[in-house]
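Comments concern the structure below.
The values are calculated or read from the model by the stated rules, or taken from the named source; none is laboratory data. Because the structure is predicted, anything quoted here is derived from the model rather than measured. As a convention, Cβ positions derive from the backbone with ideal geometry for all residues, glycine included, and neighbour counts pool all protein chains shown.
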Amino acid sequence: MEREILKDIWKIRELHHQIYEVMSIDDQCDPQDYADHQIINEALFVKSKYTDLSQNWELAEELHGVYGKEAQKIAKKEFRLLENWLKKYMPTVNPKLLNPKEKWYLGNCDKPLLKK
């Protein structure tokens, strides 16, 4: 049975892609095996892809209207969904475990992980 934190990811295209098609494939893991703080840290990384123009992220350019109004509208909707998801799940984990700039939280799935 899929955990709620992962069920809600299906609504957010870029976060779903990052968890299911990048992170879990790179680590050769099932997303169910990640602890909540690992998933949230990955979501914070995705959020930075919308907000950090210095990295030339396409998502940030879309959000800032570089590719036109329609792309901006879609990016704003996705960003709003992501922010709402973070507001829901970030309070459920210890803030000391949240650090999207460090990759220590990723690890791999051969170690037992706490679900919270």
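Would you tally the residues in segment 59-72 being in a helix (DSSP H, G or I) and over 19 Å from Tyr20 (Cβ atoms)?
Within segment 59-72, residues that are in a helix (DSSP H, G or I) and over 19 Å from Tyr20 (Cβ atoms) number 8.
Residues in segment 31-53: is at least one in contact (Cβ under 8 Å) with a residue 60 or more places away in the chain, within 11 Å of the chain's Cα centre (by Cα), farther than 17 Å from Thr92 by Cα and part of a helix (DSSP H, G or I)?
So far as segment 31-53 goes, no, none of its residues is in contact (Cβ under 8 Å) with a residue 60 or more places away in the chain, within 11 Å of the chain's Cα centre (by Cα), farther than 17 Å from Thr92 by Cα and part of a helix (DSSP H, G or I).
Yes/no per residue for (1) crowded, with 16+ Cβ neighbours inside 10 Å; (2) modelled with pLDDT under 95; (3) at negative phi; (4) not in a helix (DSSP H, G or I):
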residue	(1), (2), (3), (4)
Ile74	no, no, yes, no
Glu78	yes, no, yes, no
Leu81	yes, no, yes, no
Asn84	no, no, yes, no
Lys87	no, no, yes, no
Pro91	no, no, yes, no
Lys96	no, yes, yes, no
Asn99	no, yes, yes, yes
Lys103	no, yes, yes, yes
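Would you mention how many residues in segment 8-30 are in contact with a helix residue (DSSP H, G or I) (Cβ under 6 Å, 6 or more places away or on another chain), among the β-branched types (Val, Ile, Thr) and part of a helix (DSSP H, G or I)?
Final tally of qualifying residues: 2.
Please work out which one of (1) in a loop (DSSP other than H, G, I, E, B); (2) of a type outside the set (Val, Ile, Thr); (3) touching a residue at least 12 places away in the same chain (Cβ under 8 Å) is the condition Met1 fails and give its number.
(3)
Taking interchain pairs and intrachain pairs at least six residues apart, which have beta carbon atoms under 7 angstrom, with the first residue in segment 54-65 and on the phi < 0 side of the Ramachandran plot and the second among the hydroxyl-bearing types (Ser, Thr, Tyr)?
Taking only residues 6 or more apart or on different chains, the pairs are Leu59/Tyr50; Ala60/Tyr50; Ala60/Thr51; Glu61/Tyr67; Leu63/Tyr50.
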